[in-house]
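Worksheet: the structure to be examined is printed underneath.
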Amino acid sequence: MTRLTRIIRTTAFKLSVLYIAVFTGLSGFLLVYISRNTNQLMAGQVVQTVDAEISGLADEYVRGGVRSVVESIDRRARRPDASLYLLTDFAGVTIAGNIARLPTVVLDEADGDIRRVKYARVEPGGDVEREALVRTFELRGGYRLLVGRDLGEQQRFSALLGEALRLWLAVVVVMAVITWLFVSRRVLKRIDGIAATSQTIMHGNLSGRLPVAGNGDEFDRLATNLNEMLDRIELLMQGMKDVSDNIAHDLKTPLTRLRTRVETTLREAKSDGEYRSALEATLDDSDTLIRIFDALLRIARVEAMAPESGMDDVDLKAVVEEMADLYEPVVEDEGGRLDIQVSETVMARCNRELVAQALVNLIENALKYGKPADGDLVISIKAERHEDRILLNVSDNGPGIPAEDADRVRRRFVRLDASRSAPGYGLGLSLVNAVARLHGGSLVLQDANPGLSAVIDLKWAKDEGAGGQGDKNAHDEQPGIQED
């Protein structure tokens, strides 16, 4: 494809051609309309002027005869921008007037009709051929009187309009070129940037993002929305990749252990009791694997849910109190204390079951890893309003986690317990993080000094007292994830 062909096929070139065609047609129509109506108006004024002159000269002829008409013609012909006058006798000899040359047929046809003729005017510097509108009348005695009006002004006005049209067309062409340059260099450049980024993404690089100029126009809005979509797609694809990698690494060991146990039992077992013990251990490992897969599926379902899916107006104070009632005996059995700090009704637009499950995971996480080296365990649950957001905070007074691991620990199968001595699969905080993202927020892990503070940010806050607690039957119960 040649460069010229590529230019012709661009939207900028087509817009410029359309711009030229539209404005040229509109301008031509406007100028032709003005010119035609102006010419008609000026021609009407000429006819009125000629008729008035003839009427006046005819009256003078009746009152004073030829001498009076001649004197009036001489007087009028000396005025600036005078009309055309010619008085001849029956033989065609000029008696008075300011016309030097005229076609004879005009005087021969003294019928009083208006006609356009070529003439030469008597003036210093020689005869110059011009055009005029004239009327010729025959007076008594064989005299013929011609009165007309030069069309020079009308012709100059038409020439001026023609020149204006040419100048306007030149301006239109220049503006079309400027438009083409602007569209091709600014608009189409951004479109080419979007196309180039799309090609990069299509080739597998999901980290590419559309350029945003920052001026807030429609291209910026489009780029921003597409970038948010790409962020979501990249997050989902990365999640799939992480799941695949983690399954390959973290689930290979239990599967290998299960297979080894079966092989060992088949090779070495000699009694029904040994076979039964091996089968029971295999069943336990299978249940563990099933729970892990159920946990992964639950996280995947949460991440795939639409932002408004299953949302109701929920009183989070009631949710926090329900979780406190459920886990307070468990914490006390561990020799600790569970505190809640929710002073008033806190309404939020959220999925009640998922938020409750997230609180359960955080409480379970605090029970497993939040015990201090000295003293009793204290778990605190807070729900507070911050402008249009709700913050759910579950904190403990344990050892906490290093700041550099705060982001990593939210990923699937990540456990800071290197020995893997504590039960769990490293999926609890992943679910909490997915629930927070579903509600337009995030999971933030902070140093509580001492201990760890896990904050769930919920985006859709409601006015106090608005709505009510969500319908618990509106959502299907799903298996929970309580391991981290």
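The values are calculated or read from the model by the stated rules, or taken from the named source; none is laboratory data. If you're wondering where the values come from, they're calculated on a predicted model, not measured in any experiment. Don't worry about glycine lacking a Cβ; one is built from the backbone with ideal geometry, like all the others, and counts go over all protein chains shown. Remember, those area values only see protein heavy atoms, side chains included, never the ligands or the DNA or RNA. Shrake-Rupley method; radii C 1.70, N 1.55, O 1.52, S 1.80 Å.
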List the lysines whose alpha-carbon lies under 21 Å from that of LYS317, not counting same-chain residues fewer than 8 positions away?
-> LYS382, LYS459, LYS462, LYS472
Dipole of the chain [Lys/Arg +1, Asp/Glu -1 at C-beta], most positive-end residue of LEU452, ALA366, ILE178 = ILE178
Of the candidates ALA403, ILE390, GLN48, the farthest towards the positive dipole end of the chain (Lys/Arg Cβ +1, Asp/Glu Cβ -1, centred on the Cα centre) is GLN48
Residue-normalised accessible area of region 120-221, given per residue in Å² at a 1.4 Å probe = 61 Å²
State to the nearest 20 debye the size of the charge dipole of the chain about its Cα centre, where the only charges are +1 on K and R beta carbons and -1 on D and E beta carbons.
-> 3780 debye
Pop a pseudo-label 7 angstrom from the Cα along the beta-carbon direction at both VAL22 and ASP220 and give the gap in nm to one decimal.
-> 2.6 nm
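For region 1-91, with all protein chains present and a 1.4 Å probe, just round the carbon and sulfur fraction of the accessible area to a whole percent.
Ligands and nucleic acids excluded, carbon and sulfur reach 60 percent.
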Dipole in debye (nearest 20) - region 312-454, about Cα centre, beta carbon charges: Lys, Arg +1; Asp, Glu -1 | 740 debye
How far apart, in nm, are the 7 Å Cα→Cβ label points at ARG166 and THR345?
-> 8.2 nm
Angle between the chain longest axis and helix 188-202 axis [Cα atoms, degrees, rounded to 10] | 30 degrees
What full-extension length gain, to one decimal in nm, is calculated for ILE401 and ASP111 as 0.36 nm per residue of separation minus the Cα-Cα distance?
-> 92.8 nm
Jot down the per residue volume, in cubic angstrom and as a whole number, of the convex hull over the alpha-carbon atoms of the chain.
-> 335 Å³
Straight-distance crosslink candidates among lysines, where the alpha carbon sits under 20 Å from LYS189 and sequence neighbours closer than 8 are dropped = LYS14
First select every other residue whose beta carbon is under 13 angstrom from the beta carbon of THR88; then total the charges, Lys and Arg +1, Asp and Glu -1.
-> -2
Please identify the trypsin sites (Lys or Arg not before Pro) of region 1-109 that satisfy two criteria: DSSP loop assignment and at most 11 other Cβ atoms within 10 Å. Which are they?
-> ARG78
Assigned charges on the beta-carbon of Lys, Arg, Asp, Glu; region 291-392 dipole about Cα centre (debye) = 420 debye
Figure the gain on full extension for TYR275 and ALA213 (residue separation times 0.36 nm, minus the Cα-Cα span) and round it to one decimal in nm.
-> 15.3 nm
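Using r as the Cβ-Cβ distance of VAL62 and ILE34, and R0 as 41 Å, what FRET efficiency do you calculate, to the nearest 0.05?
Values: r = 42 Å, r/R0 = 1.03.
The formula returns an efficiency of 0.45 here.
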Report relative contact order for region 1-137 in percent, whole number only (criteria: Cα-Cα under 8 Å, sequence separation at least 6).
-> 14 percent
Just from its helices, what would the mean residue ellipticity at 222 nm be for the chain, if runs of 4 or more DSSP H residues each count -39500 (n - 2.57) and the sum is divided by every residue, rounded to the nearest 500 deg cm²/dmol?
-> -18500 deg cm²/dmol
Nitroxide proxy distance, nm - points 7 Å out along Cα→Cβ at ARG232 and THR104 | 9.6 nm
If you average the sequence gap of Cα pairs under 8 Å that are 6 or more apart and divide by the length of the chain, what percent do you get for the contact order?
-> 11 percent
SASA check, THR288, accessible area w/ 1.4 Å probe, all protein chains in place, rounded to nearest 10 Å², comes out at 40 Å²
